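The values are calculated or read from the model by the stated rules, or taken from the named source; none is laboratory data. Here the structure is a predicted model, which means the values were calculated and not measured. So basically every Cβ, Gly included, is an ideal-geometry build from the backbone, and we count neighbours across all protein chains shown.
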Ligand code: AMP
């Protein structure tokens, strides 16, 4: 670990630091984030510290993964608070490019995310994962990490990125880390900051419903009627709209074929007023 945290805002400055580490055979762990950091992000940072000699956290609110109707302009930002938290967590380097540094004039090459991106989030946010895949490919080329850590909180994102790394032979290892939750079960998320006091009280019903669904499916319940019950529980609790509640193959995210014995995952996305929450649990 180095003495004080370093901040790079240009690819040139970033490479000056990482190339020195490489020359000394230090391994590099990357944790990509969009900032507004909470204990979920910090758990990934701590894991990176255990798995690599140097830890880099990127903070970049990536415009290409937001649709025009989405919350890009109101996405929470707290650069100073984030750097303080990362310094306290022992991070070596914060990579904070601005939009022009990430996408200079004329930048037009993109990554098209693979089959894992097609439905679930892909149905409701059609270009989201192409934006995620493109920015992560850029981050991997910029930072050249040995490992990159992503949260299971964004389970489909992890599946899409694993597929990209495999399909495009990217020389790094992805590690998935468990979802950190508040005491009442709500998954920590930067977007929880949008919830009113009343909505915040309703929010844990999402985790409660998908956990109960997962437990019942594990005990042999028939999937479709049990999913319908979970949807009802979520809306009865006060959620305004259910985008999806699905039980899928945990690796491919394809609909499960009967009795294969493969691991399953329950994934859900629901609206609470103007805020869209996602969550998932293992069956
Ligand atoms: P974000 O800043 O929302 O793009 O998230 C950055 C990384 O933190 C992603 O890999 C997320 O999956 C992960 N993350 C977000 N929330 C949590 C959480 N509650 N527990 C664990 N990881 C999380």
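Among residues of region 11-26 being under 19 Å from residue 136 (Cβ atoms) and surrounded by fewer than 19 Cβ atoms within 10 Å (Cβ to Cβ), the one that is nearest to the chain's Cα centre (by Cα) is 11.
Would you call residue 29 under 22 Å from residue 144 (Cβ atoms), crowded, with 22+ Cβ neighbours inside 10 Å and in contact (Cβ under 8 Å) with a residue 24 or more places away in the chain?
Here the answer is yes, as residue 29 does meet what is asked.
Just wondering, is there one or more residues in region 84-95 that are outside any strand (DSSP E or B), surrounded by fewer than 21 Cβ atoms within 10 Å (Cβ to Cβ) and within 14 Å of the ligand (Cβ to nearest atom)? Scanning region 84-95 turns up at least one residue that is outside any strand (DSSP E or B), surrounded by fewer than 21 Cβ atoms within 10 Å (Cβ to Cβ) and within 14 Å of the ligand (Cβ to nearest atom). Scan region 104-116 and give yes if some residue there is under 20 Å from residue 157 (Cβ atoms) and assigned to a helix (DSSP H, G or I), otherwise no. Yes, that holds for at least one residue.
Could you list, in sequence order, the residues of region 232-246 that are farther than 14 Å from residue 277 by Cα and touching a strand residue (DSSP E or B) at 6+ places or on another chain (Cβ under 7 Å)? Within region 232-246, 246 is the sole residue that qualifies.
Could you check region 169-272 for strands (runs of 3 or more DSSP E) lying wholly inside it with 2 or more residues that are in contact (Cβ under 8 Å) with a residue 24 or more places away in the chain and within 15 Å of the ligand (Cβ to nearest atom)? Give the steps one after another, and end with the answer.
Working: elements: 173-177, 241-249, 264-272.
It comes to 173-177, 264-272.
Only one entry of 68, 63 meets the criterion of being modelled with pLDDT under 95 and either loosely packed, with under 15 Cβ neighbours inside 10 Å or within 16 Å of the ligand (Cβ to nearest atom) (or both), and that entry is 68.
On the basis of being part of a helix (DSSP H, G or I), without any contact (Cβ under 8 Å) to a residue 12 or more places away in the chain and surrounded by fewer than 17 Cβ atoms within 10 Å (Cβ to Cβ), does residue 100 make the cut? For residue 100, the condition - part of a helix (DSSP H, G or I), without any contact (Cβ under 8 Å) to a residue 12 or more places away in the chain and surrounded by fewer than 17 Cβ atoms within 10 Å (Cβ to Cβ) - is met.
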